[in-house]
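Dumping the structure here so I can ask a few things about it.
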Amino acid sequence: MQWFLKVVKDYAVFGGRARRKEYWMYTLFYAIGYLILYILESLIGLTQVLTGIYSLALLLPSLGVTIRRLHDTGRSGWWILISLIPLIGAIILLVFLCQDSKGSNQYGPNPKEEEAGALV
């Protein structure tokens, strides 16, 4: 849950880098929250009101963490636009998001190394 809150707190930060763990934990909690709201909507009889508000409220944090994740792999945030290509674009973006960090790059030091250094 701390990863989700960290991303929401840095909702408009598009610079820097995000580890795989930060991105995928945010995605997991986003999906769980969406599923809970979807079930509530079904029980109450609302039509995509709660899930629409939820998605809209978390649009900027989602874009920010995805762009920072792309930065972590050494790619520009503009690569997010590849998802506009039907099917193939989403698969390519998924592969990019699953790749490991590439050490220090133009977007900053490796967050994995920084975290390991802070623990020592």
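Answer yes if at least one residue in the range 108-119 is modelled with pLDDT under 95, surrounded by 16 or more Cβ atoms within 10 Å (Cβ to Cβ) and touching a His at 6+ places or on another chain (Cβ under 7 Å), and no otherwise.
No; the residues of the range 108-119 include none that is modelled with pLDDT under 95, surrounded by 16 or more Cβ atoms within 10 Å (Cβ to Cβ) and touching a His at 6+ places or on another chain (Cβ under 7 Å).
So, one more: Just to be sure I understand the filter: pairs with C-beta atoms under 6 Å, separated by 6 or more residues or on different chains, first member in the range 15-41 and under 20 Å from G64 (Cβ atoms), second member among the acidic types (D, E) and in a helix (DSSP H, G or I). Which pairs pass?
Between residues of the range 15-41 that are under 20 Å from G64 (Cβ atoms) and residues that are among the acidic types (D, E) and in a helix (DSSP H, G or I), the close pairs are R17/D72; A18/D72.
Go over the candidates T73, T51, T47 one by one and state the one that is more than 29 Å from N110 (Cα to Cα) and surrounded by 13 or more Cβ atoms within 10 Å (Cβ to Cβ).
T51
Filtering the range 54-70 down to residues that are touching a residue at least 12 places away in the same chain (Cβ under 8 Å) and among the small types (G, A, S), which residue is surrounded by the fewest Cβ atoms within 10 Å (Cβ to Cβ)?
Across the range 54-70, the extreme among qualifying residues is S55.
Additional query: For V8, work out the one condition from (1) assigned to a loop (DSSP other than H, G, I, E, B); (2) within 26 Å of S76 (Cβ to Cβ); (3) at pLDDT below 90 it doesn't fulfil.
Single failed check for V8: (1).
For the range 11-36, which positions are among the aliphatic types (A, V, I, L, M), under 13 Å from L58 (Cβ atoms) and not in a helix (DSSP H, G or I)?
A12, the sole residue that qualifies.
Could I ask something else about it? Which numbered condition in (1) surrounded by 13 or more Cβ atoms within 10 Å (Cβ to Cβ); (2) under 23 Å from Q2 (Cα atoms); (3) under 14 Å from the mean Cα position of the chain (by Cα); (4) at pLDDT 95 or above is the only one that Y34 fails?
(3)
The values are calculated or read from the model by the stated rules, or taken from the named source; none is laboratory data. These numbers come from a predicted model, not from an experiment. Please note: Cβ atoms are built from the backbone with ideal geometry, for glycine as well, and neighbour counts cover all protein chains shown.
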